[in-house]
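The values are calculated or read from the model by the stated rules, or taken from the named source; none is laboratory data. Being a predicted model, the structure only gives us computed values, none of them experimental. Glycine gets a Cβ as well: all are built from the backbone with ideal geometry, and neighbour counts include every protein chain shown. The area values use the complete protein model at the heavy-atom level, side chains included, leaving out ligands, DNA and RNA. Shrake-Rupley method; radii C 1.70, N 1.55, O 1.52, S 1.80 Å.
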Amino acid sequence: MEKKAQLNPFVKLALDFGPLILFFIVNGRAGIFWATGVFMAAVVVAILVSYALITRFPIMTIVTAFIVVVFGTLTIVLQNDVFVKMKTTIIYLLFATVLAAGIVLKKPFLEIAFDSVFHLTEEGWQKLTIRWIIFFVAMAIVNEIVWRTQTTDTWVAFKTFGFIPLT
């Protein structure tokens, strides 16, 4: 079996979290709508760089990017920041649902997503998957609480500096 190309962990970290850091910076300087546009562009650039380096598109990255672009576009076109705030909840619940479907269908979706980074038994993958499902549902709930009770700037700061360390 041919081994798939892997990103350097630091490059992967930069590609995963770079767009979010840009979102935070631009929000502080130009507001949520500019930040959303920059975030959308940065996510697309990160995907293209990732593809250039490993010649494939990771499925979770593509799904996330699709949701970012759809909800980001709604945010900008309708000038309503609720869409970009809801996007985070939707992504977390989508990941939890996919992982739960994997358990029901007895398909190791988490093992596929981690792309052979970890070597666990079937029971280990099952336990890890259940923990990630709980984590994603909890993160969706936390996102809903924060964006519905705090200012947009507080939500952006929490999204950047709360969710990243929790993840």
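The residue pairs whose first member lies in region 142-161 and is free of Cβ contacts under 8 Å to residues at least 40 places away in the same chain, whose second member is of a type outside the set (Gly, Ala, Ser) and open to solvent by less than 50 Å² (accessible area, probe 1.4 Å), and whose beta carbons are closer than 7 Å, counting only pairs six or more residues apart or on different chains, are VAL146/TRP155; PHE158/VAL146.
Entry remark, region 19-47: residues being surrounded by fewer than 16 Cβ atoms within 10 Å (Cβ to Cβ), free of Cβ contacts under 8 Å to residues at least 40 places away in the same chain and not aromatic (Phe, Trp, Tyr) number 7 in total. The set of residues in region 101-115 that are open to solvent by less than 80 Å² (accessible area, probe 1.4 Å) and either at pLDDT 95 or above or not hydrophobic (A, V, I, L, M, F, W, C) (or both) comprises GLY102, PRO108, GLU111, ASP115. Restricting attention to region 52-80, the residues being part of a helix (DSSP H, G or I) and loosely packed, with under 14 Cβ neighbours inside 10 Å number 6. Screening ILE47 against (1) β-branched (Val, Ile, Thr); (2) modelled with pLDDT of 95 or more; (3) in contact with a helix residue (DSSP H, G or I) (Cβ under 7 Å, 6 or more places away or on another chain) leaves a single unmet condition, (2). Taken residue by residue, region 117-124 has no member that is surrounded by 13 or more Cβ atoms within 10 Å (Cβ to Cβ), farther than 21 Å from TRP34 by Cα, of a type outside the set (Gly, Ala, Ser) and at pLDDT 90 or above.
Restricted to region 81-91, and to residues there that are of a type outside the set (D, E, K, R) and open to solvent by 30 Å² or more (accessible area, probe 1.4 Å), the residue that is farthest from GLN126 (Cα to Cα) is VAL82. Within region 130-153, being under 16 Å from ILE32 (Cα atoms), open to solvent by 60 Å² or more (accessible area, probe 1.4 Å) and assigned to a helix (DSSP H, G or I) holds for ARG148, ASP153. Of the residues making up region 9-37, those that are over 16 Å from the mean Cα position of the chain (by Cα), closer than 18 Å to LYS87 by Cβ and part of a helix (DSSP H, G or I) are VAL26, ASN27, ILE32, PHE33, TRP34, ALA35, GLY37.
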